[in-house]
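Each reported figure results from applying straightforward, stated rules to the coordinates on display, with no laboratory input. Small disclaimer: the values here were computed from a predicted structure and weren't measured. FYI the Cβ positions are ideal-geometry reconstructions off the backbone, even for glycines, and counts take in every protein chain you see.
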Amino acid sequence: MRLMKMRFMKSRTLSTVAAALLTLVALSRAETKVVVAHSDNDTAAAGFRFVNVPAPAKRDAATEAQFAVVEGEPDPNGGGLAALHDGRFPMEEDQPSENFFFKPNTDGGRLVIDLGAVIEVQQVNTYSWHPGARGPQVYKLWASDGSGLGFNSRPKRGTDPEACGWRSVANVDTRPRQEEMGGQYGVSVLSSEGVLGKYRYLLLDISRTEDKDGFGNTFYSGICVIDRNASPAEVLEMASSNVAVERLELEGGKYHITLNTTETPDLTAWAHESLAPVVKEWYPKIVELLPSEGFEAPTNISIVFSQNMRGVAATGGTRIRCAASWFRENLKGEAVGSVVHELVHVAQQYGRARRSASATTPGWVVEGIADYIRWFKYEPQSQGARITKRNIARARYDASYRITAAFLDWVAEKHDKSIFMQLNAAAREGKYSEELWKKFAGKTVQELGEDWKKEMEANAEKEPTQ
Ligand SMILES: [Zn+2]
């Protein structure tokens with residue numbers, strides 16, 4: 001998480017010179033502040049917790065308010081306007097159904113929020129999250145108590161809100177200058193006087209963040225309007241109060257890994273007691289086992305337990321997702337080891353090479369290395385990858401996962417201890433080729449596979465029948 005600049009904007013009101021002179025005195029005291037917080041893709045986690053912008057409130061003046069689109073077309077792939085004030089927030093960086101956003105290839109639009117009555121608005125807080133250009137927020141904010149002569153509660157673009165009863169409150173633009181645009185953003189619009197004003201209506205004119213492609217419309221995750229007179233307890237009850245994220249600091253801060261069991265509170269204790277110590281010990285070990293020139297392993301990793309995910313686990317970049325239903329069944333068995341396997345994928349980082357692919361690494365090599373480290377380095381005592389009578393029929397060098405892991409172990413013992421490191425280093429640069437086997441183990445991978453299988457068959461013969 002990183003602190004970003006604060007921007008200040010003077011409020012503008014009234015039009016006559018005399019009135020302007022009078023308000024200047026007031027303005028010098030009351031300043032509208034736009035506070036921006038940004039967590040980049042490596043650090044953003046469920047809960048929208050920032051140093052300088054409050055986490056979303058569970059209930060606030062926007063919860064029961066009426067939201068309406070005045071201009072623009074909401075994208076039906078999103079969660080609609082409800083996503084902006086339902087007290088629920090996305091758990092991950094790319095969850096369309098938990099966000100509101102306008103259709104692709106359009107330049108945003110206008111939203112009106114009717115709070116139902118005039119209240120003393122203390123803050124307007126807006127939240128967004130996306131890994132790419134749909135992360136940052138660009139909007140103009142107006143407000144009104146609705147009492148002005150000729151007040152137009154739904155001014156379309158082309159109509160100047162200030163000409164129909166609205167007061168300009170803030171210009172928000174959280175786009176970073178140099179850095180990547182992706183990540184989680186929190187914006188707090190507030191006043192140095194403590195109250196922005198007495199308002200019933202808010203108007204947001206939302207712009208896209210870029211027009212290089214069609215996907216520049218921000219994923220807005222929520223809007224909170226804080227009433228100065230609301231009970232502090234209500235405001236302080238954060239929408240994220242049920243967020244369960246354990247942050248692990250490894251090697252004196254060199255690496256950070258979060259364990260997120262927000263969706264699966266029944267796994268929080270297990271993650272803390274059984275998973276955390278292994279993750280802490282083994283991520284640095286894995287990184288050490290897989291060196292290559294000029295390579296720096298990822299330093300920020302998140303492990304998220306997902307209630308609805310099927311299968312076992314998956315890794316994308318530096319995010320590991322774990323299927324809760326499988327883990328619940330395997331807590332005493334293979335659960336921890338499967339996370340070790342995924343941590344190897346994080347350290348492999350073959351994705352970078354894949355993009356500029358000179359050669360792609362076959363899946364069986366990728367999975368074989370991950371399972372080799374898991375079964376032969378992390379938990380050799382479990383013998384989980386042993387070739388026996390039971391699985392000898394499937395013993396092919398390229399059968400992937402634990403079978404390829406057993407093959408790699410055999411090649412390491414017979415020919416070259418560093419074979420998995422060599423394969424990894426090449427794969428990471430997009431330079432994997434079958435030549436490598438010959439270079440380091442003296443034979444083609446097919447020949448090695450034959451030798452290995454013969455030996456395994458002979459061993460299996462000797463096994464006592466049960
Ligand atoms: Zn895998």
(message) Can you say what percent of the DSSP beta bridges in segment 242-461, counting only those with both residues inside, are antiparallel? Round to 5.
(response) 50 percent
(request) Arrange W364, W437, W410 by Cβ neighbour counts within 10 Å, fewest through most, would you? (result) W364, W410, W437
(message) Give me a comma-separated list of calculated 3J(HN,Hα) values for segment 398-404, in order, Karplus coefficients 6.51, -1.76, 1.60 applied at θ = phi - 60°, integers in Hz, x for any Gly or Pro.
(response) 9, 7, 6, 6, 6, 6, 4
(request) Determine the sum of side-chain charges near P90: Lys and Arg each +1, Asp and Glu each -1, restricted to other residues whose C-beta is under 13 angstrom from that of P90. (result) -4
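Relative contact order for segment 291-412: what percent, with Cα pairs under 8 Å and sequence separation of 6 or more?
On the way: 146 pairs, mean separation 23.5, N = 122.
It comes to 19 percent, rounded to a whole number.
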(message) Can you give me the distance in nm between label points at N330 and R88, each placed 7 Å from the Cα along the Cα-to-Cβ direction?
(response) 2.8 nm
(message) Using alpha carbons only, how many angstrom separate the centre of segment 185-215 from the centre of segment 238-315?
(response) 34 Å
(message) Let me spell out the model: positive unit charges on the Cβ of Lys and Arg, negative unit charges on the Cβ of Asp and Glu, origin at the Cα centre of segment 51-116. What dipole size does that give, in debye rounded to 20?
(response) 200 debye
(request) Normalising by the residue count of the chain, find the relative contact order in percent from Cα pairs under 8 Å and 6+ residues apart. (result) 14 percent
(message) If I take R0 = 41 Å and measure r between the Cβ atoms of S147 and R177 in this structure, what FRET efficiency does the formula 1/(1 + (r/R0)^6) give, to the nearest 0.05?
(response) 0.55
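From largest to smallest, what semi-axes in whole angstrom does the chain give when each is the square root of 5 times an eigenvalue of its alpha carbon gyration tensor?
Each semi-axis is the square root of five times an eigenvalue, giving 56, 22, 18 Å.
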(request) Quote the FRET efficiency, to the nearest 0.05, computed for K280 versus N459 with a Förster distance R0 of 35 Å and r equal to the Cβ-Cβ distance. (result) 0.45
(request) As a check on your grasp of the helix formula, calculate [θ] at 222 nm for the chain: sum -39500 (n - 2.57) over DSSP H runs of n ≥ 4, divide by the residue count, round to the nearest 500. (result) -7500 deg cm²/dmol
(message) Output wanted: per-residue J couplings in Hz (rounded whole) for segment 150-165, from phi through Karplus 6.51 cos²θ - 1.76 cosθ + 1.60, θ = phi - 60°, x for Gly and Pro.
(response) x, 5, 10, 7, 9, x, 7, 4, x, 9, 6, x, 5, 8, 9, x
(message) If you fit an axis through the alpha-carbon atoms of helix 419-428 and take the longest principal axis of the Cα set of the chain, what angle between them do you get, 0 to 90°, nearest 10?
(response) 30 degrees
(request) List, in order, the whole-Hz ³J(HN,Hα) value for each residue of segment 290-306 obtained from phi through the Karplus relation with A = 6.51, B = -1.76, C = 1.60 and θ = phi - 60°; use x for Gly and Pro. (result) 10, x, 7, 4, x, 8, 10, 5, x, 10, 10, 10, 10, 10, 10, 9, 10
(message) Between T63 and K33, how high is the FRET efficiency from 1/(1 + (r/R0)^6) when r is the Cβ-Cβ distance and R₀ = 25 Å? Nearest 0.05.
(response) 0.55
(request) Would you mind counting up the charge near V118? Only other residues with Cβ under 9 Å from its Cβ, with Lys and Arg at +1 and Asp and Glu at -1. (result) 0
(request) Work through the residues other than G214 whose Cβ is under 12 Å from its Cβ and net out their charges, Lys, Arg +1 and Asp, Glu -1. (result) -1
(request) Only Cα pairs under 8 Å and at least 6 apart count here; give the relative contact order of segment 31-227 as a rounded whole percent. (result) 36 percent
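With a ≥ b ≥ c taken as the square roots of the eigenvalues of the C-alpha gyration tensor of segment 31-227, please select rounded if a/c is under 1.5 and otherwise prolate if a/b is larger than b/c or oblate if it is not?
Here segment 31-227 falls in the prolate category.
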(message) Using the basic label-point model (7 angstrom from Cα toward the beta carbon), what is the N308 to T43 distance in nanometres?
(response) 3.0 nm
(message) Strictly over 24 Å apart at the Cα level, which of K285/K439; K377/K453; K33/K156; K285/K453; K33/K254; K140/K198 would you flag in this model?
(response) K285/K439; K33/K156; K285/K453; K33/K254
(request) Fewest Cβ neighbours within 10 Å first, please rank I392, I387 accordingly. (result) I392, I387
(request) Starting from the Cα of S418, step 7 Å toward the Cβ, then list every residue of segment 369-398 with an amide N under 20 Å from that point. (result) 369-370, 372-373, 377
(message) At 37 °C and a viscosity of 0.692 mPa s, what translational diffusion coefficient does Stokes-Einstein give for segment 81-197, taking Rh as the Kirkwood radius over Cα pairs? Give it in µm²/s as a whole number.
(response) 205 µm²/s
(message) Which trypsin sites (Lys or Arg not before Pro) in segment 298-349 sit in a loop by DSSP (not H, G, I, E or B) and have at most 15 other Cβ atoms within 10 Å of their own Cβ?
(response) R310, K332
(request) Check cross-link reach from K454 to the lysines: straight Cα distance under 16 Å, and skip same-chain residues fewer than eight apart. (result) K389, K414, K443, K462
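From the square roots a ≥ b ≥ c of the eigenvalues of the alpha-carbon gyration tensor of segment 25-138, which class results: rounded (a/c under 1.5), prolate (a/b over b/c), or oblate?
On the way: a/c = 1.56, a/b = 1.20, b/c = 1.30.
Oblate.
With a ≥ b ≥ c taken as the square roots of the eigenvalues of the C-alpha gyration tensor of segment 296-433, please select rounded if a/c is under 1.5 and otherwise prolate if a/b is larger than b/c or oblate if it is not? Mind showing how you got there, number by number?
Numbers: a/c = 1.83, a/b = 1.06, b/c = 1.73.
It comes out oblate by the Cα gyration axes.
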(request) State, to one decimal in nm, how far the label point of E73 lies from the label point of Q381, with both points 7 Å from Cα in the Cβ direction. (result) 6.2 nm
(request) Using only Cα atoms, tell me the angle between helix 276-289 and the longest principal axis of the chain; keep it within 0 to 90° and round to the nearest 10. (result) 60 degrees
